[in-house]
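Visitor: I have a structure here, written as structure tokens, and I will follow up with some questions on it.
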Amino acid sequence: MKKLTTVILSAAIVPLFALGSAAIAQDRDSTQRNADRQSGEQFMTRTPAGALYADDVIGADVKNRASGDDIGDVKDLVIGKDGRIVGVVVSTGTTLGLGGRKVSLNWNQLQHAKEDGDLVFYVELSEEALKNAPEHKRN
């Protein structure tokens, strides 16, 4: 009977230790993340390779990849809850900054390149397709 009691108690206690260890490990990870945030490593000393600045993206021309025709320019960035850029708002069909409409494109639809020192985005969409796209509504 003593062995049976020991086995039953072990079966009940071992999972509690495992859960407790996981909680301690998570707490340690959280503590380490907080320490990292408070250390000098929170500051960037240089721009990561391939990184873009928002002021280079906003205002950049958007062109049709096949024809090279200008179809609009980036007006705004859409940033997800995780902090990543998920889309851009493009103003299309403007003449001297007047008219046109705003549509949003998924970030993964855009390819970028430097032309004469300026950032340019290319899409596989025609100006006609963008004219027929749903207008961007900011929630």
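The values are calculated or read from the model by the stated rules, or taken from the named source; none is laboratory data. Treat the numbers as computed from the prediction; the structure is a model and nothing was measured. These accessible areas exclude ligands, DNA and RNA; they are computed on the full protein's heavy atoms, side chains included. Shrake-Rupley method; radii C 1.70, N 1.55, O 1.52, S 1.80 Å.
Visitor: Residue by residue, what Karplus-based ³J(HN,Hα) values in Hz, rounded to whole numbers, does segment 108-115 have, using 6.51, -1.76 and 1.60 with θ = phi - 60° and x for Gly and Pro?
Guide: 6, 7, 9, 10, 10, 8, 9, 10
Visitor: Let me ask another. Which far-off residues, 5 or more places away or on another chain, put their amide H under 5 Å from the one on Val90, with H placed in the peptide plane?
Guide: Lys75, Val103, Ser104, Leu105
Visitor: Let me ask something else. With a probe of 1.4 Å, find how much accessible area segment 80-139 has per residue, and write the answer as a whole number in Å². Could the numbers behind the result be given before it?
Guide: Numbers: 4230 Å² over 60 residues.
Value for segment 80-139: 70 Å² per residue.
Visitor: Can you list the HN-Hα couplings for segment 132-139, worked out from phi with the Karplus curve (6.51, -1.76, 1.60; θ = phi - 60°), rounded to whole Hz and with x for Gly and Pro?
Guide: Rounded to whole hertz, the list is 8, 6, x, 5, 5, 10, 7, 6.
Visitor: Pull out the extension gain between Leu77 and Ala49, defined as 0.36 nm times the separation in residues minus the alpha carbon to alpha carbon distance; nm, one decimal. Could the numbers behind the result be given before it?
Guide: Details: separation 28, 0.36 × 28 = 10.08 nm, distance 2.03 nm.
Stretched out fully, the Leu77 to Ala49 stretch lengthens by 8.0 nm.
Visitor: Hey, which of these cross-link pairs are over 23 Å Cα-Cα: Lys63/Lys131; Lys63/Lys102; Lys114/Lys137? Walk me through the numbers before you get to the answer.
Guide: On the way: Lys63/Lys131 14 Å; Lys63/Lys102 15 Å; Lys114/Lys137 30 Å.
Correct reply: Lys114/Lys137.
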